[in-house]
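Written below as structure tokens is the structure these notes are about.
Laboratory data are not the source of any read-out in this text; all were calculated from the coordinates shown. Please read all numbers here as calculations on a predicted model, not as lab measurements. Note that each Cβ is placed from the backbone with ideal geometry, even for glycine, and that neighbours are counted across all protein chains shown.
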Amino acid sequence: MSMGNTTQNPETAFVDKRALKGALLNRGRFVFHSDLNNFYASVECLLNPELRGHPVAVCGSCEQRHGIVLAKNDIAKKYGVKTAEVIWQAKKKCPNLVTVPANYERYSFYSHAVRKIYSDYTDKVEPFGADEAWLEITGHRDVHSFDEAKMLADEIRNRVYLETGLTVSIGVSYNKVFAKLASDYKKPDATTVFAPESYGSIIAGLPASDMIFVGKSTEAALSRFGVHTIGQLAALDDNFVCAVFGKNGMGLVRCARGEDTSAVVPESESEEIKSIGNSSTSFRDLESNDDVRMMCYTLSESVGARLRRHGLKCGTVQISIRESDLKTHEHQIRLATPTDSTRVIAEAACTVFASVYNWHKSIRSIGVRACNLTDADAPRQLSVFDADEKRDERLRKIDSTVDSIRNRFGSTSLQRAVVMCDSRLTGACVKGDF
Ligand SMILES: [Mg+2]
């Protein structure tokens, strides 16, 4: 960089005056925001090559009862398919739309695989949903300039693609707000750098509503004062902003000036996941303890597998019962020792159920949730009963064998006898969440 005016700091010589303070506050800082492109739809296209080249929508459930679009690929986007619209509406715009059910297990797997790559570059990774994350790159040994930051971002993009088959867009900037703005700027599969020098030429001209935290109502309020761009927002007078929009408004204006100095807050795995649950709506109502048992086992399979994959155990098992009139209630049971065993979780769920439900009504759906999570290798009190230890060890072996077979051959390759009694129940759409 050449020296502009000798009275100016050379690092900020070309910075728009609205962004000067922000550039100084964040001097020497490099923040990435990484965003997996069309995440759910990309994972489905990756795992089902026959979907590629077709408009694809991932749906909450592909049945009539509650089918809405959760995510779509770029081809479906071109037809005007929108997130959260119902399937039949989407199909009216795009008759050959291929709908696939959401498979949260898969997305969670890829989400963690990608975060693991990030963690090779910094221990400060702050996830934002399943598909986005901020990375604090400040202090990285190879990064002393925005050119070097861009090279590192390109390397991360390459690795994510080579190792997972997914593409990400990465925004590189000097604070979190502008890093996010940058990752949205160019999609898919791109790196965008918003250095302080890009303020006047690009950032200031972007719509204020592109900025995180600016929702529909804020956008409307701002436009009543003729504020449409980030630059216009940044140029507002502080006293005016305080009087009209208050403290929150002032925070927004500071962000627009690049004065966001908030830290990238890493989240450890066990903090991030508070509980792991799974619920389902089957094709018919549940009518008996046997039905419930079958369902509890089906749901516990994925709850247990997810616990094991994350290296967690649960101390409490919670069930939710949704009756045919949609009244829902929850019950829980504390386990003697934390577990990640599918069978222990399923049996606990059945036990609670049997103790609280009297079949005055049939059941629409049931949920199983593992709560009170701890690290699997955290020290724990040893059971005083030798028999328990032996049983636990045996169950662990069964679970890990089942996991590895399913990882190789798919989740339905191996089923417990108990869940095979009625495929109309257990073949139903099972949805996971965090
Ligand atoms: Mg995304």
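Dividing the mean sequence gap of close Cα pairs (under 8 Å, 6+ apart) by how many residues the range 183-334 holds gives a relative contact order of 12 percent.
Dividing the Cα radius of gyration of the range 55-122 by its Kirkwood radius returns 1.12 for Rg/Rh. Separation of the alpha carbons by more than 21 angstrom is noted, of Lys124/Lys180; Lys78/Lys187; Lys82/Lys176; Lys82/Lys216; Lys176/Lys274; Lys92/Lys187, for Lys82/Lys176; Lys176/Lys274; Lys92/Lys187. The label point for Asp210 and the one for Ser275, both projected 7 Å from the Cα toward the Cβ, are 4.1 nm apart. Here the extension length gained between Asp285 and Ala336 equals 15.1 nm, from 0.36 nm per residue of separation less the Cα-Cα distance.
The length gained on full extension between Lys397 and His144, counted as 0.36 nm times the residue separation minus their Cα-Cα distance, comes to 86.2 nm.
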